[in-house]
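Single-structure report; data block below.
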Amino acid sequence: MPETLVQIEQKAPRGDWRDPHVEFRKGSICYSAAAKNLGALSLPNPRAWQPMDADWKLPPDWKRIVLDGMKERLKKYRSFRLFMDICVRCGACADKCHFYLGSADPKNMPVVRAELMRSIYRRYFTLTGRLFGSLAGGRELTEDVIKEWFYYFYQCTECRRCSVFCPYGIDTAEITMMGRELLNLIGCNTNWVLEPAANCFRTGNHLGIQPHGFKDSIDFAAEEASEITGLDIEVPINRKGAEVLFVMPSADYFGTPHYYTLLGYLMLFREIGLDYTVSAYASEGGNFGLFSSHEMMKRLNAKIYDEARRLRVKWILGGECGHMWRVLHQYMDTMNGPADFLEVPVSPITGTVFENARSTRAVHICEFTADLIHHGTLKLDPRRNDHWIATYHDSCNPARAMGLLEEPRTILKSVCRNFHEMPENTIREQTFCCGSGAGLGTDENLEMRLRGGFPRANAVKYVKEKHGVNLLTCICAIDKATLPTLLEYWVPGVEVAGVHELLGNALVMTGEKERVADLRGELFAPEAHSVGSASEASHA
Amino acid sequence: MSVSGAVSEIVAERWVERTLAAYPAEILPFLSGEHDRFRNPVGQVIQESLTTLARELLGAMDNRATAPAIDALVRMRAVQDFSPSAALRFIFDLRPVIAEVCGEVTPQLESRIDELALMAFDRYLACREQIASLREKELRVRALSPAR
Amino acid sequence: MNEIYALLVVLAIAAAGLAGGQMSFGRIALAEVIPYAAAILFLAGFCWRIMRWAWAPVPFHIPVTCGQQKSFRWIRAAKIDNPSTQWGVLARMAAEILLFRSLFRNSRAQIGGGWLILSESGALWLSALAFHWALLLILLRHLRLFLEPVPAFVNALERLDSFFQLGAPPLYLSDVVVIAALGYLLIRRFRDPAVRFISLFTDYFGLFLLLAISVTGVLMRYFTRIDVLNVKELALGLAAMRPQAPQGLGPIFFAHLLLVCALASYLPFSKLMHMGGIFLSPTRNLANNSRSRRHINPWNHPVKTHTYPEWEKEFREKLQSAGIPVEIAEGAGDAGNARTN
């Protein structure tokens, strides 16, 4: 008789999702926020603790705090109350979550993520739940539930893909945001969210770069852009009376490959002679407040309008960043507006009135550039990007909170000649998240990020194999920070770049010196180089 | 040894079944039933890799086919919530599957399975090391940040 | 266990109806009292739920956009999936409510062997849509019991519904569709482990209840051949607040009636309120125009910010040494405090 292997039953059915127990393992969780960061933001319950600890040192009346917090938010947000009430558990959202697809953990089904909260809502805030308890789908609020919330609400990137498929438009991002707000009330936050927030609050940007450091970084980029082009490129800082305040995510001037995108912006602004300034005070477009609470979002976002008012600019131009644009597009005007001290944005080059930004007075750089290209005001040599075979990753927020789909594509198709879309059900409004958004993009959480990023990487792999794609372009700072790691693991050989980096490569500037290499210092493809250098750089 | 493609298909099918059984029951029908490779990347990687491996195991055992198949599968299992033994268990599931389909596991197949197992060990370790080095790399970048 | 409890409760309701229908006291309760109680619960509960949602403000403008935004004239905008006008929103909501647009996104229809094959998720869309439309048709058909004379459109719907003229009385398509669709939705809950995993008592209860109502209705019409005139007499009496249960309605009718009353009184307290809630969903019923029109948050509380003067005060020396222009005159007083707006 052959050795009948001892068949250990491997099948691990979760059985009942109402069991709140979760196991915190290093590598797939984010660490707790340091007490000093809570202190800097005057948040409750600063202390030393870690999610792996048995005792989370919650305040003695934590349960009352959470339930009161829920009650308050149910009154203040129709989205919250409605989404607690109307889910029919049809399951349409189940296989739409990248974390569910990558981790195969049934509790990552968006519906279950929401049920973790709904079960508490039903138990404490509905008649049937109070009368019938678990039969009505209610659960007791215990410390284990808090731990489970922490685990799963910091395992959601608020990408809203599930919401696209929900017959009632239930938005898991709203539920995750509420969950995180409630956790914040009892001091259960992650450092990767709160440290950038605390830095941003104090110095103006997530990285905590102080004004002189900011100037150094910007000057360095300006010098490099000057060197590449042979032109004199300077970047005004805190200059009053400029027409445009340019706001970008801080990663653009301190991270790679973001930095090349910054070079692209600077070259563009120089070429069109844009009258602009950047600000050392509003030196962050991103907003990690979005990942902790609405209040924090407002506190951090206030700087942008305040600075625009102080500098007496006419309108605001925003760089490439996903969640920054969620805030600028859907929250800023409501929270910190009205922007009546600004003017309706008009492109100084083409005269285009940006009607869609009539009230907020903030224009996305891709809108601005696409308009320039459409009017033929830029001289572009797409052959300078011939060494790239590009695809485009729709970043979640520009795709599902704005619908900024064609503007970046318009730019890409004008600045590079090799462009291939990923499969239809992985782009545009159905785009797969990078798996690292909403404050999950830290190294200690890498394994979870690799799981969550797998569906995206899988589509990249497909176009790499099919078309030889070697560049993933995107317009999100978190993408640029985290996708290189993800692709190095899943699809080695594919780099990540911002759309304006490719623009910077292709942009033929008036009086520029002969360029032989792209912004990364990599030589142009041979024929592109000869053609590029031969072309007389001149335009009206 | 010449075993027809039909046998390798049956082996692959049962092997996939066993491998999928390690995932929670709730997601099983989706993993095995959804054939869009973009909707169901995990299921498709398992399906494709195991089909290739079964074909090679009972066929030419060409390293150019087995290596990428092992890599794709192990790469994925190395980041999922498995212990190392559970992550690589699928290789050892081959023995009962082949015994079931072919009646016995020939010494040649035994040694081929061992070979696959060793390859998988190598890949698994390489993946875990890569994860560690990627983490380290991210940490280094973070350390450059002036805030710290 | 949830499904068993749900089934038991539904069976108990049906049994109560059957038993009550055999007793004169029961008939009076079932036909003359309980329907009013159910109607009151339904109306009051429904309004209360809607009001409670409506009273909660929509502080932020959070539509989920599913297509190209309206930016330039030369970029074609997705007017319905990413509406920028109220008309677009109306179209989006109509597509959502009448056609289950978002649910349809799940499905991929494939042509296989000359047949249109819907995937599992496509079947969900189809059966959900079929169920809701058939239910609407059935409800409208029931108007004939409450209205005298019977409106022409009700007669027309009936003719349409019995288009095939099968059997006597002619078979209503909606009866077949509603039972088939409910059956599928129920089987799906049992069979798909992912859906089973998330299903609660209320999910099974709603399905069993609707199924029991449909089955008792079908039994009355096609098998026990209830006299519709008797039912109409009762219905008109109820509508006129002069309820009187006529003889000869049969126990199944009372079971049907009690199940309907149970549904009506349960609905406002359950997920079945999604029928009202969908109209209020802020990710669907707002135009994507948050940059062109300011959305007002009624409780826009002031928050503590780090103001420019505070910031400049802290970094003044560094600003000056870096050559960044400063704002505040030398020796000016303390910087401002909390932002109030």
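Throughout, read-outs are computed from the coordinates displayed, never taken from laboratory work. Model, not experiment: these values are computed from the prediction. Every residue, glycine as well, gets a Cβ built from its backbone with ideal geometry; the counts of neighbours run over all protein chains shown.
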* To do: Would you mind getting me the FRET efficiency between C:V326 and A:E355? Use the beta-carbon distance for r and R0 = 41 Å, nearest 0.05.
  => 0.65
* Column: log10 I(q)/I(0), Debye, Cα scatterers of the range C:154-290, q = 0.15, 0.16 Å⁻¹ -> -0.98, -1.07
* To do: Work out the P(r) tail for the protein assembly as shown: percent of alpha carbon pairs separated by more than 53 Å, whole number.
  => 25
* **Amide hydrogen neighbours beyond the local backbone of A:L380, cut-off 5 Å, H modeled** => A:V508
* **Over chain A - Rg/Rh using Cα atoms and the Kirkwood inverse-distance radius** => 1.00
* Which of the chymotrypsin sites (Phe, Trp or Tyr not before Pro) across the range C:42-95 are loop residues per DSSP, with 10 or fewer other Cβ within 10 Å? -> none
* **Normalised per residue, the volume of the convex hull around the Cα set of the range B:5-144 (Å³)** => 125
* To do: Measure out, as a whole number of angstrom, how far apart the alpha-carbon centroids of the range A:343-397 and the range C:125-176 sit.
  => 55
* Structure fact -> Residue-ordered couplings for the range C:305-316, obtained by feeding phi - 60° into the Karplus form 6.51 cos²θ - 1.76 cosθ + 1.60 and rounding to whole Hz (Gly and Pro as x), are 10, 9, 6, 4, x, 4, 5, 5, 4, 5, 10, 3
* For C:K304, list the aspartates and glutamates whose Cα falls under 15 Å from its own Cα; do not include residues on the same chain fewer than 8 positions away. => A:E295, A:D306
* Asked: Rounded, prolate or oblate: which fits the range A:196-374, taking a ≥ b ≥ c as square roots of the Cα gyration tensor eigenvalues, rounded meaning a/c under 1.5, else prolate when a/b beats b/c?
  -> oblate
* Report the label-to-label distance for A:E72 and C:E317 in nanometres (one decimal), using points 7 Å from each Cα along the Cα→Cβ vector. => 3.9
* Asked: Which cross-chain or sequence-distant (5 or more) residues have an amide H under 5 Å from the amide H of A:S32, H modelled 1.01 Å from N in plane?
  -> A:N191
* **Low-density loop cleavage sites - trypsin sites (Lys or Arg not before Pro) in the range C:139-229, where at most 16 other Cβ are within 10 Å (DSSP)** => C:R225
* To do: Output the Cα-based Rg and Dmax of the range A:318-397 in Å, rounding Rg to one decimal and Dmax to a whole number.
  => 15.3, 46
* Asked: DSSP loop chymotrypsin sites (Phe, Trp or Tyr not before Pro) in the range C:201-307 with at most 16 other Cβ atoms within 10 Å of their Cβ, which ones?
  -> C:W299
* Could you size up the charge dipole of the range C:124-276 around its Cα centre, putting +1 on the beta carbon of Lys and Arg and -1 on that of Asp and Glu, and report it in debye to the nearest 20? => 220
* Asked: Around A:F419, which amide H atoms from residues at least 5 apart in sequence, or from another chain, sit under 5 Å from its own amide H, with H modelled in the peptide plane?
  -> A:A390
* Any idea what angle helix A:62-76 forms with the longest principal axis of chain A, computed on alpha-carbon atoms, 0 to 90 degrees, nearest 10? -> 60
* Past 22 Å, Cα to Cα, is the threshold; run A:K464/B:K137; A:K298/B:K137; A:K240/C:K318 against it and keep the listed order. => A:K464/B:K137; A:K298/B:K137
* Which FRET efficiency, nearest 0.05, do A:E223 and A:A48 yield, Cβ-Cβ r, R0 41 Å? -> 0.45
* Structure fact -> Against the 2.2 N^0.38 Å rule of thumb, the C-alpha Rg of the range A:51-209 sits at a ratio of 1.08
* Taking every eigenvalue of the Cα gyration tensor of the range C:1-95, multiplying by 5 and rooting it, what semi-axes result, largest first, whole Å? -> 49, 17, 13
